[in-house]
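Encoded as structure tokens, the structure appears first; notes follow it.
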Amino acid sequence: MVIHKNRYINREISWLLFNERVLQESADKNVPLIERLRFLGIFSNNLDEFFKVRYATVKRIVLAGKKGKSVLGGETAKELLEAITEIVIRQQARSLEILHDIEKELEEQHIYMIRESELTEEQAQYVVRYFVQHV
């Protein structure tokens, strides 16, 4: 974790730590199973948004050859990218572990997650019709 002289946590790191709390909810066995799956989806969507906006901004600073210390709270953009990468790799590994746990628990309830490519033609048509009519 990157803590600066003024004892503040960098904005991007703080955001990732917040998202880690969302991830923790998805691992909590006291939370209903479907809600845990929803939290995992929220974690993933949040991370996508983080990379589209915040990570991209820091990356542009690096590519422009600037340090970005004044914008990034005292550390260089390169240092921040390294810290972000370390955190995200750890979080992604944990999210996959949680997903596998959730999938096992769902299967115990006879609920199976399948890929679109696993559908028969008839099933695929049904899904499309259902989506158009109800969603």
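Every number here is computed from the coordinates shown, using simple stated rules; none is lab data. Fair warning: this is a prediction, and the values are worked out from it, not measured in the lab. Don't worry about glycine lacking a Cβ; one is built from the backbone with ideal geometry, like all the others, and counts go over all protein chains shown.
Some values worked out for this structure:
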quantity: For the range 38-48, 3J(HN,Hα) per residue [Karplus equation, 6.51 cos²θ - 1.76 cosθ + 1.60, θ = phi - 60°, Hz, x = Gly/Pro]; calculated: 5, 4, 5, x, 4, 4, 5, 4, 4, 5, 4
quantity: Rounded to 10°, Cα long-axis angle of helix 77-108 versus longest principal axis of the chain; calculated: 20
quantity: Long-range lysine pairs (8 or more apart or interchain), the range 11-134, Cα under 28 Å; calculated: 11
quantity: Filtered chymotrypsin sites (Phe, Trp or Tyr not before Pro), the range 36-114: DSSP coil and at most 11 other beta carbons within 10 Å; calculated: 112
quantity: For the range 23-36, Karplus couplings with θ = phi - 60° (6.51, -1.76, 1.60), whole Hz, Gly/Pro x; calculated: 4, 4, 4, 5, 8, 6, 5, 7, 8, x, 3, 5, 5, 4
quantity: The range 52-59 - phi-based ³J(HN,Hα) in whole Hz, Karplus 6.51/-1.76/1.60, Gly and Pro as x; calculated: 5, 10, 6, 4, 4, 5, 5, 4
quantity: Inter-centroid distance (Cα atoms) of the range 32-53 relative to the range 89-135, Å; calculated: 15
quantity: GNM result for the chain, Cα springs below 10 Å: residue of 65, 74, 41 fluctuating most strongly; calculated: 65
quantity: Ranked 117, 14, criterion: other C-beta atoms within 10 Å, fewest first; calculated: 117, 14
quantity: Footprinting exposure proxy for 40, 106 (fewest neighbouring C-beta atoms within 10 Å first); calculated: 106, 40
